Amino acid sequence: MKKRILACLLALVMLVGLLPATVLAEDVAGPKVYVDAKNGNDSTGNGTKGSPYKTVGKALENIEDNATVYLADGNYSTFAEDKSEQATYCVGKTVTFVGTGAKSVNWQIGAEVPNPALEGTEYNGDYSFDGAKSVTFKNLTLMSAEENYLGFIRINNTIVEDCTIIGRTFYWGYETSLFKNVIFNGPKTGYYPIWTYTGHETTFKGCTFNVTDGRVVNVPASEDGPQNLT
């Protein structure tokens, strides 16, 4: 009798031990927000699947930590040409953006045509996520112009997975950057598609680099580059 009771108690303990992990996994996933550039509405939408927002900026106004933003087919950006109108999103927070595929969702990093007056400075870069704890991009195309010092400025940790990156970028994670299964399509005129200009660790896993002149990843020969590059 005692053995049966002990066996039941042990089974109960094992079952209870599994429950917190399941609940925790659901909690970490965080809230879901939906954006549809073609059919959404920032005025009447509420960010649900049935009533999505039209722009990412609207979706991020009161975004919660660990949220996932789902992007329907279309073109997106959080950049404002006028710096006085540039909002900063997700400060201190973690957010994930998931598209429907690299052929159907495009995200413009910064201006399509950088301001010539700012050439040679970081001020043509995209400050949309300045101070964000972590930003992840999945299943979409990220596009940048073919000028120096472009990219997302001062995201602490950046993850890009199953994406295509077009153009030239210098700025990604200021602590870590992870590129997983990413296709880099370098500038048509040559030059590196990515400079490891920021962060302590930059990691590439299963990436493809399409370049015209053999230049793939630039690692600055100074303390500006990552201390760990894999």
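Quick look at the values:
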item	result
Enumeration of residues in region 57-100 that are touching an Asp or Glu at 6+ places or on another chain (Cβ under 7 Å) and more than 30 Å from residue 116 (Cα to Cα)	72, 93, 94, 100
Candidate set: region 25-38, residues that are part of a loop (DSSP other than H, G, I, E, B) and of a type in the set (Gly, Ala, Ser); chosen: the one modelled with the highest pLDDT	37
Whichever residue in region 48-73 is small (Gly, Ala, Ser) and in contact with a Ser or Thr (Cβ under 8 Å, 6 or more places away or on another chain) and, among such residues, is nearest to residue 38 (Cα to Cα)	72
Residue selected from region 39-70 under the condition touching a helix residue (DSSP H, G or I) at 6+ places or on another chain (Cβ under 7 Å) and either in a helix (DSSP H, G or I) or not β-branched (Val, Ile, Thr) (or both), by the criterion farthest from residue 104 (Cα to Cα)	66
Extreme residue, most open to solvent (accessible area, probe 1.4 Å), among residues of region 149-177 that are more than 15 Å from residue 202 (Cβ to Cβ) and part of a strand (DSSP E or B)	154
Qualifying strands (runs of 3 or more DSSP E) (wholly inside region 71-148; at least 2 residues being among the hydroxyl-bearing types (Ser, Thr, Tyr) and surrounded by 16 or more Cβ atoms within 10 Å (Cβ to Cβ))	94-98, 134-138
Residue check for residue 208: surrounded by fewer than 17 Cβ atoms within 10 Å (Cβ to Cβ), among the hydroxyl-bearing types (Ser, Thr, Tyr) and over 30 Å from residue 30 (Cα atoms)	yes
Scope region 142-157; condition at negative phi and either among the acidic types (Asp, Glu) or free of Cβ contacts under 8 Å to residues at least 40 places away in the same chain (or both); matching residues	142, 143, 144, 145, 146, 147, 148, 153, 155, 156, 157
Verdict on residue 68 being touching a Lys or Arg at 6+ places or on another chain (Cβ under 8 Å), at pLDDT 95 or above and within 15 Å of residue 136 (Cα to Cα)	yes
Hits in region 147-190 - residues which are under 15 Å from residue 126 (Cβ atoms) and among the charged types (D, E, K, R)	147, 154, 168
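The values are calculated or read from the model by the stated rules, or taken from the named source; none is laboratory data. This structure is a prediction, so every number in the text was calculated from the model and none was measured. Because the Cβ atoms are built from the backbone with ideal geometry, glycine has one as well, and the counts that use them run over all protein chains shown. In case anyone asks, the SASA skips ligands and DNA or RNA and just uses the protein heavy atoms, side chains included. Shrake-Rupley method; radii C 1.70, N 1.55, O 1.52, S 1.80 Å.
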